[in-house]
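Asks: Before we start, here is the structure in question, set down as C-alpha cells.
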Amino acid sequence: MTLHARIAEVLRDLPAPPEGPLDPVAMRAGEEAQVPAPEARTPLHSVEDLTAHTPAGEVPVRVYTPTEADSHGLLVYLHGGAFFLGSLETHDGVARSLAARTGLKVVSVDFRRAPESAYPAGLQDCYGVVRWAAEQGADLGWDGTTLALAGDSSGGNLVAAVTAMAHDDGFDRISHQVLYYPSVDLDFDVDRYASLRENAEGYGLETAGLKPFNAFYVDSGADPADPLVSPIKREDLSGLPPALVVTAEYDPLRDEGELYGHRLGEAGVDTTVSRYAGANHGFVVNFTWIPEYDRVFDETAEFLKRS
C-alpha cells in the first residue's frame, strides 16, 4: 500500500529542517516543546521517578505501574533518538501505553546521551539498569517472571546490544526483547539495503540524514564495526531471548531490522518479524493515534504473554 494518508498529511505540514550543523540542544528543546501536558497523558496507577544505582553510576529512571497489585512483571524501556535525542518526557506516551496494554511495570531509562557522554556510557547505563531491576526486584514489586526489554529505533539498537551483553555475561533473566524499527547497522552505505534507496526521501526519516544524526554517537567512540554498536554484525545470535521485531514499510531502516529478525530466527531464537504496511519510521511514537498502528501495543502484549 501507499504511505498512510494521515501520515502523509502530517509530513506535508512539517517545516523544513534548519540548515547548517545539527544543534543537539536546540533539537532537544524542540522535541520537549511537543510533549503533551501531564493531564493529557494516559492515566496509570502510579508514575514515579527513581534512581537506579548501577556499576555505571546513578541512572535516573521512571517507573510506570499500570494497576494496583502486589507485584507485576517488568519491562525495561530504552527510548530512541539517534543516541542524542529522546528523553523520559518525549517517550513518556510510549512507556504509558506499554504499561497500560501489557499490564507490566515499565522502567524507562534516562541513559546518558551523545555527544556529552562518550560511548559506551549510555549502553552501560542501560545494561546497568536491567541488572539493577533484577537485583532490586523485590523493592520494585517484580513478580520474578517477565523481565522484558523494549526499545524504538536507536533504543532497539540498545536492546539488541544489552541482550548480547547479558548473554555473554551469563545473565539469563531477560525473558523477551521487543525492537521497534531498530537501527542495528550503523554502516549507512546506501547499497547495503534496498530500503535505504527505496525509502530515501519523503517519509520523515531520510537516508541522507542517517550519518549526520548518528555522527554524535560514532564520533564519541562507537565503532560501526563493533557488534555492540551494530548488533547485526554479531556472528552468533543463538541463545538470545525471544524477539519481536517490528518494522515500517516506508522506513530506510526496514530491511536491516527484518534481516536481523530473520538472522535471529535462523540462530534458533523464537522470533516474530512484523511489518506495518503504510507506516513510516517513528510510528510507534508519533502515529499510534491511528487505529491501524495502535494495534502495535496489542501485538506487543500478546508477544510478551508467550513463555
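The values are calculated or read from the model by the stated rules, or taken from the named source; none is laboratory data. The shown structure was predicted, so the numbers you read here are calculated from the model rather than taken from an experiment. Because the Cβ atoms are built from the backbone with ideal geometry, glycine has one as well, and the counts that use them run over all protein chains shown. The area values use the complete protein model at the heavy-atom level, side chains included, leaving out ligands, DNA and RNA. Shrake-Rupley method; radii C 1.70, N 1.55, O 1.52, S 1.80 Å.
Asks: Leaving out ligands and nucleic acids, note down the accessible area per residue over the chain with a 1.4 angstrom probe, in whole Å².
Replies: Per-residue value: 43 Å².
Asks: Can I ask one more? Quick one: length gained pulling residue 8 to residue 267 fully straight, 0.36 nm per residue minus the C-alpha distance?
Replies: Full extension from residue 8 to residue 267 adds 89.5 nm.
Asks: Pull out a ≥ b ≥ c, the square roots of the eigenvalues of the alpha-carbon gyration tensor of the range 114-221, then state rounded if a/c is under 1.5, prolate if not and a/b is larger than b/c, and oblate in the remaining case.
Replies: prolate
Asks: DSSP loop chymotrypsin sites (Phe, Trp or Tyr not before Pro) in the range 263-304 with at most 10 other Cβ atoms within 10 Å of their Cβ, which ones?
Replies: Passing both the DSSP loop test and the Cβ count: 289.
Asks: On the full set of protein chains, 1.4 Å probe, figure out the accessible area of residue 233 and give it in Å² to the nearest 10.
Replies: The accessible area of residue 233 comes to roughly 60 Å².
Asks: Using the Kirkwood radius over C-alpha pairs as Rh, can you work out the diffusion coefficient of the chain via Stokes-Einstein at 20 °C, viscosity 1.002 mPa s, in µm² per second?
Replies: Rounded to a whole number, D works out at 111 µm²/s.
Asks: Find me the longest stretch of the chain that has none of the exposed GluC sites (Glu not before Pro), where exposed means in a DSSP loop (not H, G, I, E or B) with at most 14 other Cβ atoms within 10 Å.
Replies: For GluC sites (Glu not before Pro) (loop position, at most 14 other Cβ atoms within 10 Å), the longest site-free span of the chain is 117-200.
Asks: Taking a ≥ b ≥ c as the square roots of the Cα gyration tensor eigenvalues, with a/c under 1.5 meaning rounded and otherwise prolate when a/b beats b/c, else oblate, which class fits the range 48-116?
Replies: It is oblate, given that a/c is not under 1.5 and a/b is not larger than b/c.
Asks: State, to one decimal in nm, how far the label point of residue 143 lies from the label point of residue 194, with both points 7 Å from Cα in the Cβ direction.
Replies: 4.3 nm
Asks: Collect residues whose amide H, placed 1.01 Å from N in the peptide plane, falls under 5 Å from the amide H of residue 276; neighbours closer than 5 in sequence don't count.
Replies: 247, 248, 249
Asks: OK, next. Using helices alone, I'd like the mean residue ellipticity at 222 nm for the chain: each DSSP H run of four-plus residues gives -39500 (n - 2.57), total over residue count, nearest 500.
Replies: Helices in the chain give a 222 nm mean residue ellipticity of -11000 deg cm²/dmol.
Asks: Could you run the Karplus curve 6.51 cos²θ - 1.76 cosθ + 1.60 with θ = phi - 60° over the range 183-189 and give me ³J(HN,Hα) per residue in whole Hz, x for Gly and Pro?
Replies: Running phi through 6.51 cos²θ - 1.76 cosθ + 1.60 with θ = phi - 60° gives 9, 10, 9, 8, 8, 9, 4 Hz.
Asks: With every protein chain in place, what's the accessible area of residue 45 (1.4 Å probe, Å², nearest 10)?
Replies: Accessible surface of residue 45 is approximately 100 Å².
Asks: When all protein chains stay in place, what accessible area (Å², nearest 10, 1.4 Å probe) is found for residue 238?
Replies: Approximately 40 Å² for this residue.
Asks: Indicate the gyration tensor shape class of the range 80-150 (rounded, prolate or oblate), computed on the Cα atoms with a ≥ b ≥ c the square roots of the eigenvalues: a/c under 1.5 is rounded; otherwise a/b larger than b/c is prolate and the rest oblate.
Replies: oblate
Asks: Given springs between every Cα pair under 10 Å in a Gaussian network model of the chain, which of 18, 241, 291 has the largest fluctuation?
Replies: In the Gaussian network model the winner is 18.
Asks: If I build a Gaussian network model for the chain, linking alpha-carbon pairs within less than 10 angstrom, which residue out of 16, 37, 267 has the largest mean-square fluctuation?
Replies: Ranking 16, 37, 267 by mean-square fluctuation puts 16 first.
Asks: Oh, and also: How much length would be gained if the chain were fully extended between residue 118 and residue 238, taking 0.36 nm per residue of separation minus their Cα-Cα distance, in nm to one decimal?
Replies: Fully extending the segment from residue 118 to residue 238 adds 40.3 nm.
Asks: Amide H neighbours of residue 271 under 5 Å, counting only residues 5+ apart in sequence or on other chains, H built in-plane at 1.01 Å?
Replies: 243
Asks: Ok, one more. Given the options 294, 23, 49, state which has the largest fluctuation in a GNM of the chain using a 10 Å cut-off (strictly under) for Cα springs.
Replies: Comparing 294, 23, 49 in a Gaussian network model of the chain, the most mobile one is 23.
Asks: What lysines sit close enough to residue 105 to cross-link, taking a C-alpha to C-alpha distance under 26 Å and skipping anything fewer than 8 places away on the same chain?
Replies: 305
Asks: If you don't mind, another one. Hey, any idea what % of the range 82-180's accessible area is carbon plus sulfur with a 1.4 Å probe?
Replies: 43 percent
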